[in-house]
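Inspection log for the structure reproduced underneath, given as structure tokens.
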Amino acid sequence: MTELRLPRLGQGTWRMGERRGQADAEVTALRHGLDHGIGLIDTAEMYGSGGAERIVGRAIAGRRAEVFLVSKVLPNNAGRRDTIAACEQSLRRLDTDYLDLYLLHWRGDVPLAETLAAFEQLRAEGKIREFGVSNFDVDDMSELWAESGGQQSGTNQVLYNLTRRGVELDLLPWCRAEGLPVMAYSPIEQGRLLGDPALRRVAERHGASEAQVALAWVLRMDGVCAIPKAATAAHVDDNLAALDITLTEADLAELDAAFPAPSQPIPLQIL
């Protein structure tokens with residue numbers, strides 16, 4: 001069982017590093033988050049073909065000790081040698097000596113034993129402190145747990161928000177039973193869930209935005225960390241304010257009626 005403890009709120013970087021004209025604002029946003037105690041930054045070699053990692057590298061320059069840094073390896077790079085090479089390339093882009101957490105981005109064709117062996121080597125060399133997975137369903141997690149060292153995984157990062165509640169039926173209970181923290185990406189569905197009348201009513205009762213309520217809904221869950229992206233300092237402040245929202249039973253009932261959980265298991269959803 002992992003001893004990893006994640007903060008409730010982190011900073012995501014999906015779609016960062018893709019436009020040169022936005023780079024300075026993205027760096028400023030990440031630094032603003034650090035200034036206000038959001039130390040977890042999540043990125044991946046896939047994001048912007050390494051561009052997001054370069055943005056993060058600029059943002060954390062001189063501040064590495066303040067950061068819990070997460071990156072991910074693509075499944076086509078998940079063989080033993082390829083994982084080690086991919087991690088070293090990520091470290092160069094991030095301009096750091098180590099990652100706090102390194103994840104397999106999603107399940108591919110490479111045997112899990114190979115990836116785990118690479119993770120263990122990287123940890124032994126001090127290049128990563130912990131490892132984990134992303135976009136793994138219950139069957140994948142069961143296979144991982146059966147592998148030597150698999151139960152040392154620190155997290156499973158999955159899509160979870162008001163419109164993507166399938167994980168509540170099986171995956172979240174499985175992770176909770178195993179003491180495994182879950183990282184929720186796209187907690188406001190990239191903004192697509194905004195505009196719902198029920199969400200708006202709950203937001204009005206709290207004097208908050210719809211996005212803040214949607215984020216607070218995810219943050220209310222024990223053992224779940226949310227990693228919304230914020231490309232501006234103002235957006236970072238909005239995300240921070242969600243930590244101060246306590247949803248009532250009436251709020252939750254209204255949101256459940258508008259965004260019901262599925263009544264039977266569905267395949268793990270991925271963006």
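Every read-out reported here was derived from the displayed coordinates using simple, explicitly stated rules and does not represent laboratory data. None of these values were measured; they are calculated from a predicted model. Backbone-built Cβ (ideal geometry, glycine too); neighbour counts: all protein chains shown.
A few remarks follow.
- Computed from backbone phi, the HN-Hα couplings of the range 5-18 come to 10, 9, x, 5, 10, x, 10, x, 9, 4, 6, 7, x, 9 Hz, rounded to whole numbers (Karplus: 6.51 cos²θ - 1.76 cosθ + 1.60, θ = phi - 60°; Gly and Pro given as x).
- Between Trp145 and Arg81, residue separation times 0.36 nm minus the direct Cα-Cα distance comes to 20.8 nm.
- Alpha-carbon gyration tensor eigenvalues x 5, square-rooted, for the range 42-118, Å: 23, 12, 10
- Percent RCO, i.e. relative contact order, over the range 108-257, from Cα pairs under 8 Å lying at least 6 residues apart: 18 percent
- Kirkwood hydrodynamic radius over Cα pairs of the range 42-191, then Stokes diffusion coefficient at 20 °C and 1.002 mPa s, in µm²/s: 137 µm²/s
- Note on the chain: along the principal axes its Cα atoms extend 53, 43, 29 Å, ordered by decreasing extent.
- Under 5 Å, built H, 5+ apart or other chain: amide partners of Ala44: Glu53, Lys72
- Cβ-placed point charges (K, R +1; D, E -1), dipole of the range 1-141 about Cα centre in debye, nearest 20: 460 debye
- Per residue, the convex hull spanned by the Cα atoms of the range 196-271 measures out at 123 cubic angstrom.
- FRET efficiency for Arg15 and Arg92, using Cβ-Cβ distance with R0 set to 35 Å, rounded to 0.05: 0.95
- In this Cβ point-charge picture (+1 for Lys and Arg, -1 for Asp and Glu), the chain has a dipole of about 740 debye about its Cα centre.
- Selection from Gln264, Ala253, Thr115, by position along the positive dipole direction of the chain (Cβ): Thr115
- Principal axis extents of the Cα atoms in the range 80-137, from largest to smallest and rounded to whole angstrom, are 31, 19, 17.
- Here the simple spin-label model places points 7 Å from the Cα toward Cβ, and for Arg176 and Arg129 these points are separated by 2.8 nm.
- Distance between the 7 Å Cα→Cβ label points at Glu120 and Glu66: 3.7 nm.
- With N the number of residues in the range 142-216, Rg(Cα) / (2.2 N^0.38 Å) evaluates to 1.39.
- Estimated [θ] at 222 nm from DSSP helical runs (n ≥ 4, -39500 (n - 2.57)) normalised by residues in the chain, nearest 500: -11500 deg cm²/dmol
- Taking amide H as placed 1.01 Å from N in the peptide plane, Glu130 has its amide H under 5 Å from the amide H of Leu101, Tyr102, each at least 5 places away in sequence or on another chain.
- Where the Cα pairs of the range 98-256 fall when distances are cut into 5 Å bins, in %: 2, 8, 17, 18, 17, 13, 10, 8, 5, 2, 0
- For the range 235-250, 3J(HN,Hα) per residue [Karplus equation, 6.51 cos²θ - 1.76 cosθ + 1.60, θ = phi - 60°, Hz, x = Gly/Pro]: 5, 4, 4, 4, 5, 4, 5, 5, 5, 8, 8, 10, 6, 7, 4, 5
- Using θ = phi - 60° in the Karplus curve 6.51 cos²θ - 1.76 cosθ + 1.60, the 3J(HN,Hα) couplings for the range 254-266 round to 5, 5, 4, 5, 7, 10, x, 5, x, 8, 9, x, 10 Hz; x is entered for Gly and Pro.
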